[in-house]
C-alpha cells in the first residue's frame, strides 16, 4: 500500500510538471502585436494599421487604412483574415480559413496585392513567415528573409 501511495504521488507530480510546461510552451507561441505601414507603387498609396494575433494554432490578421489611386477619391479599407498556423522555431506556416473585407477579392488582387505587407489571398496555399522576437516582446516579421513589418507587442 505504501508503494502505491509513493508511486501515485510521483506520477501526480510528473503530470502537473508536464501540464505546466505544456501550457508555458503554448503561451510562448502566442503573438499579439500592432504595426503601421505606408506603401507606394506608382501613384497608388496605402497607409494602414496592422493587427496580428496568433493564439493556440489559430490567428487573425487585420489591416485597416486609407487607399488612394491616381486621381481617385480616398477609400477606406479593412481586411480581416482568419487562419490556422503551425510554428516551427521562428517560422510560422499559415493557412487561410476565412477572409472578410470591405472591398471585393478582385479589388484586393488588382489594386492592393502589392501594397499590402501581409496578405493571404488563397485558401489552398501555405504561407511562411519568420517571426523574430525583439527586445521588449516586439516582433520583426519577415518573408523570404525580407523584413515586411515591425510589430509592437500589445
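Taken over region 114-134, the criterion of being at pLDDT below 80 and either crowded, with 18+ Cβ neighbours inside 10 Å or closer than 23 Å to residue 73 by Cα (or both) is satisfied by 117, 118, 119, 120. Residue count for region 49-68 under the criterion of being exposed (fewer than 14 other Cβ atoms within 10 Å of the Cβ) and touching a helix residue (DSSP H, G or I) at 6+ places or on another chain (Cβ under 8 Å): the result is 1.
Each residue in region 39-48 was checked for being more than 18 Å from residue 99 (Cβ to Cβ) and surrounded by 14 or more Cβ atoms within 10 Å (Cβ to Cβ), and 4 pass. Counting only strands (runs of 3 or more DSSP E) that sit completely within region 1-80, those holding 2 or more residues that are at pLDDT 90 or above and more than 21 Å from the chain's Cα centre (by Cα) correspond to 58-68.
For region 81-135, a tally of residues being in a helix (DSSP H, G or I) and either within 15 Å of the chain's Cα centre (by Cα) or under 19 Å from residue 30 (Cβ atoms) (or both) returns 1. Just to verify a result, which residue in region 136-154, among those that are touching a residue at least 40 places away in the same chain (Cβ under 8 Å) and in a loop (DSSP other than H, G, I, E, B), is nearest to residue 90 (Cα to Cα)? Checked region 136-154; the qualifying residue nearest to residue 90 (Cα to Cα) is 138.
The values are calculated or read from the model by the stated rules, or taken from the named source; none is laboratory data. These numbers were taken from a predicted model, which means no experiment stands behind them. For neighbour counting, all protein chains shown are included, and Cβ atoms are generated from backbone atoms with ideal geometry for every residue, glycine included.
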